[in-house]
1. So which residues in the range 250-260 are assigned to a helix (DSSP H, G or I) and either among the charged types (D, E, K, R) or crowded, with 21+ Cβ neighbours inside 10 Å (or both)?
2. Scanning for something over 21 Å from residue 346 (Cα atoms), touching a helix residue (DSSP H, G or I) at 6+ places or on another chain (Cβ under 8 Å) and acidic (Asp, Glu), does the range 397-411 turn up at least one residue?
3. For residue 510, indicate whether it is closer than 29 Å to residue 617 by Cα, open to solvent by 80 Å² or more (accessible area, probe 1.4 Å) and out of contact with any helix residue (DSSP H, G or I) (no Cβ under 7 Å at 6 or more places or on another chain).
4. Open to solvent by less than 10 Å² (accessible area, probe 1.4 Å) and over 30 Å from residue 407 (Cβ atoms): is that true of residue 610 in this structure?
5. Can you confirm whether the range 528-538 contains a residue that is open to solvent by less than 50 Å² (accessible area, probe 1.4 Å) and either of a type in the set (Phe, Trp, Tyr) or at pLDDT below 95 (or both)?
6. Part of a loop (DSSP other than H, G, I, E, B) and at pLDDT below 95: does that describe residue 36?
7. Any residue at all in the range 117-139 that is open to solvent by 10 Å² or more (accessible area, probe 1.4 Å) and among the small types (Gly, Ala, Ser)?
8. Would you call residue 372 under 26 Å from the mean Cα position of the chain (by Cα) and farther than 28 Å from residue 626 by Cα?
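The values are calculated or read from the model by the stated rules, or taken from the named source; none is laboratory data. The shown structure was predicted, so the numbers you read here are calculated from the model rather than taken from an experiment. Here Cβ is always computed from backbone atoms with ideal geometry, including for glycine, and neighbour counts include all displayed protein chains. Ligands, DNA and RNA are stripped out before the accessible areas are found, and what is left, the full protein with its side chains, is counted by its heavy atoms. Shrake-Rupley method; radii C 1.70, N 1.55, O 1.52, S 1.80 Å.
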Amino acid sequence: MRRLSPVFPTPSFSSSPFLISSSTFLSFNSSISVFTNPSTNPRGNQLLRFNFQIRTMASHIVGYPRMGPKRELKFALESFWDGKSSSEDLEKVAADLRSSIWKQMADAGIKYIPSNTFSYYDQVLDTTAMLGAVPPRYGWNGGEIGFDVYFPMARGNASVPAMEMTKWFDTNYHYIVPELGPDVKFSYASRKAVNEYKEAKSLGVDTVPVLVGPVSFLLLSKAAKGVEKSFPLLSLIDKILPVYKEVIAELKAAGASWIQFDEPTLVKDLNSHQLQAFSHAYSELESSLSGLNVLTETYFADVPAEVFKTVTTLKGVTALGFDLVRGSKTLDLIKSGFPSEKYLFAGVVDGRNIWANNLASSLSTLQALENLVGKDRLVVSTSCSLLHTAVDLVNETKLDEEIKSWLAFAAQKLVEVNALAKALAGQKDEAFFSANAAARTSRKSSPRVTNEAVQKAAAALKGSDHRRATTVSARLEAQQKKLNLPALPTTTIGSFPQTLELRKVRREYKANKISEEAYVKYITEEISKVVKLQEELDIDVLVHGEPERNDMVEYFGEQLSGFAFTANGWVQSYGSRCVKPPIIYGDVSRPKPMTVFWSSLAQNMSKHPMKGMLTGPVTILNWSFVRDDQPRFETCYQIALAIKDEVEDLEKAGINVIQIDEAALREGLPLRKSEEAFYLNWAVHSFRITNVGVQDTTQIHTHMCYSNFNDIIHSIIDMDADVITIENSRSDEKLLSVFREGVTYGAGIGPGVYDIHSPRIPSTEEIADRISKMLAVLDTNILWVNPDCGLKTRKYTEVNPALSNMVAAAKLLRAQLASKK
């Protein structure tokens with residue numbers, strides 16, 4: 001598989017500033033024009049050049065969005081997967097994207113530009129490929145890993161299931177989980193990192209190659225199927241280090257002067273054995289790293305004090321990168337003692353949100369750090385990869401101008417990083433800093449941000465825990481009398497496939513190219529098709545398929561006050577799947593009902609129960625770009641009140657089953673144990689607020705997916721939902737282990753019986769086998785049968801047979817259960 005890489009000349013710390021090429025300097029000069037007006041100082045360029053050569057302006061980006069400003073990679077991937085284009089076509093799109101990204105960074109004046117942060121699917125999967133850790137089921141027989149092995153690992157195919165996918169720390173990005181065991185034969189099987197570095201260099205750019213660090217790779221892995229779950233993954237460290245050494249040797253031979261190891265697990269609560277693994281790994285790599293500048297990068301949270309002691313003494317490491325946005329306590333550790341011989345990459349520009357940086361505050365922080373670590377050992381950086389934010393505000397031509405002035409997407413964050421580096425070097429752009437301060441003042445004083453009635457209502461919530469009056473067992477009994485469902489009731493999670501025609505109709509309606517009457521007619525027909533299909537399949541509890549919805553969060557945000565929306569603010573979630581998070585800029589309320597019309601219409605089409613489909617407050621919060629001027633829980637309570645109004649209106653309209661999805665509740669769990677209880681308390685409370693007022697006969701469902709739920713199972717129980725549907729099949733039924741270990745769950749539960757993120761169609765027998773495993777640990781009267789997640793991204797040619805097999809499997813098990821009575 002041909003892999004490409006990044007571009008643009010980046011002098012290392014050891015480079016003399018007088019050796020910087022004229023092309024590099026001109027690129028730097030061109031970026032200055034963004035911030036300064038040369039007419040005010042005709043000699044400014046000469047003076048700037050002199051200052052630059054005397055004092056290097058050190059700036060760095062941890063990583064950058066890979067999808068492209070208009071999702072170019074997404075469309076190229078899906079075209080290739082559908083057989084409509086060749087691998088060469090896909091690689092050409094990828095190469096063009098990388099080239100444009102590096103040029104953008106260079107033009108913005110960034111000194112340390114990363115390479116190998118591009119991926120066709122996921123950076124952890126890329127590392128798995130680099131190490132040759134391919135599970136046997138993919139039939140790899142050695143050699144350079146190509147698309148024919150790589151994509152089945154990510155997505156599965158008709159013959160084999162995909163590898164597990166789970167959340168990347170507390171973000172909405174998903175990574176592919178490596179499957180490891182004592183018998184894995186590691187080998188250097190993907191030269192992507194080296195190839196991309198060489199590609200960049202051939203274009204005149206000396207980049208910083210980025211690798212997932214060896215210890216984090218193992219800590220993010222799982223025991224392969226058939227391997228004891230207790231298998232010590234860190235015992236494999238000495239087996240993977242030889243491959244890392246090969247990669248390092250090739251990078252050095254290619255001319256690399258810097259290398260970046262991403263070790264994000266360093267922000268977690270690590271035990272002494274895990275810390276020793278870091279010390280051991282870098283000690284073993286030390287001789288291989290000789291002659292290189294080595295950056296160990298952390299992000300997403302504070303580094304614990306014990307970890308800080310370890311990371312600052314790692315052998316062979318010359319620089320350390322810290323998230324100083326979400327890891328503000330790390331500042332105190334740095335102040336208490338930072339090694340004088342190491343460089344500090346200070347992540348002061350937020351890589352996970354879209355608000356403009358508080359430049360004055362960041363500069364003050366940097367100046368304090370400069371006094372601690374030295375002028376020549378401080379580098380201005382992002383808090384984490386910009387992968388988690390939108391690409392470029394330039395593409396937002398319809399966004400409200402006032403709100404737009406408050407924002408900074410990835411492209412603007414490059415400018416912020418360089419502006420701070422310039423200011424630190426004595427070249428502060430006063431106009432740029434003044435404009436930044438003015439925008440922050442505008443945001444703080446804008447009347448559109450504050451709604452006193454909403455704030456008062458949210459503040460009043462704190463006096464109650466908002467629980468329904470009766471127990472879940474009593475409610476389930478009342479609901480069964482009303483709904484009269486069979487054993488092992490079948491349902492789906494909500495969405496059905498969204499065809500190109502459907503998406504086109506929505507776009508045309510939004511652009512006022514078709515009338516509201518024509519739009520409603522089309523959506524009504526689409527709902528009718530979905531309802532009819534479910535009835536033909538004999539599914540028990542139906543959904544309307546959500547054809548009117550673009551995204552499960554954006555759809556609701558568009559109808560709530562306090563939200564703004566972008567046209568191209570896409571962020572990668574996994575593979576080619578992108579989401580467009582709304583921007584919560586002010587207090588949230590619901591001006592009018594949001595889903596009642598469509599849910600009522602669908603219910604009138606069938607005698608089967610029809611689920612009203614809502615997205616829960618915690619998921620709306622965690623999948624949005626959230627205002628940073630008040631605590632997150634206050635915003636969440638406001639959203640909860642808005643959803644509560646919608647739930648009660650659905651109930652009044654005769655909807656007896658209401659699903660309030662909380663797919664992202666686990667995702668928001670803090671990375672440190674000491675902070676988990678506070679988060680879970682307000683997150684679970686927010687969910688309970690939404691449905692506290694409904695009758696016992698109204699069945700409340702929730703849905704969760706693609707996270708490790710076992711460690712929060714008691715909080716899930718505390719949500720007090722009547723039924724929970726939850727991802728299970730792609731994670732090798734990991735969820736079931738918690739019930740085998742004795743946790744009692746009295747509400748209805750539907751662990752997913754097949755993976756919807758793979759085109760593979762499971763057989764009736766396979767699904768029946770999964771249901772049987774569930775029945776071994778769960779009571780028959782609480783078990784539901786459903787897919788892992790919504791069906792929006794699949795095709796009807798995949799969905800119809802898969803759901804047919806699912807229903808057949810449920811009926812098969814019902815018959816077996818009936819015969820035993």
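1. Start the filter on the range 250-260 by keeping residues that are assigned to a helix (DSSP H, G or I), which leaves 250-254.
Matches in the range 250-260: 250, 251, 252.
2. Yes, because at least one residue in the range 397-411 is over 21 Å from residue 346 (Cα atoms), touching a helix residue (DSSP H, G or I) at 6+ places or on another chain (Cβ under 8 Å) and acidic (Asp, Glu).
3. Values: closer than 29 Å to residue 617 by Cα: yes; open to solvent by 80 Å² or more (accessible area, probe 1.4 Å): yes; out of contact with any helix residue (DSSP H, G or I) (no Cβ under 7 Å at 6 or more places or on another chain): yes.
When the stated conditions are applied, residue 510 passes them.
4. Numbers: open to solvent by less than 10 Å² (accessible area, probe 1.4 Å): yes; over 30 Å from residue 407 (Cβ atoms): yes.
In short, yes.
5. No.
6. Working: part of a loop (DSSP other than H, G, I, E, B): yes; at pLDDT below 95: yes.
Yes; evaluated as a whole, the condition is true for this residue.
7. Yes; the residues of the range 117-139 include at least one that is open to solvent by 10 Å² or more (accessible area, probe 1.4 Å) and among the small types (Gly, Ala, Ser).
8. Values: under 26 Å from the mean Cα position of the chain (by Cα): no; farther than 28 Å from residue 626 by Cα: yes.
So residue 372 does not fit the description; no.
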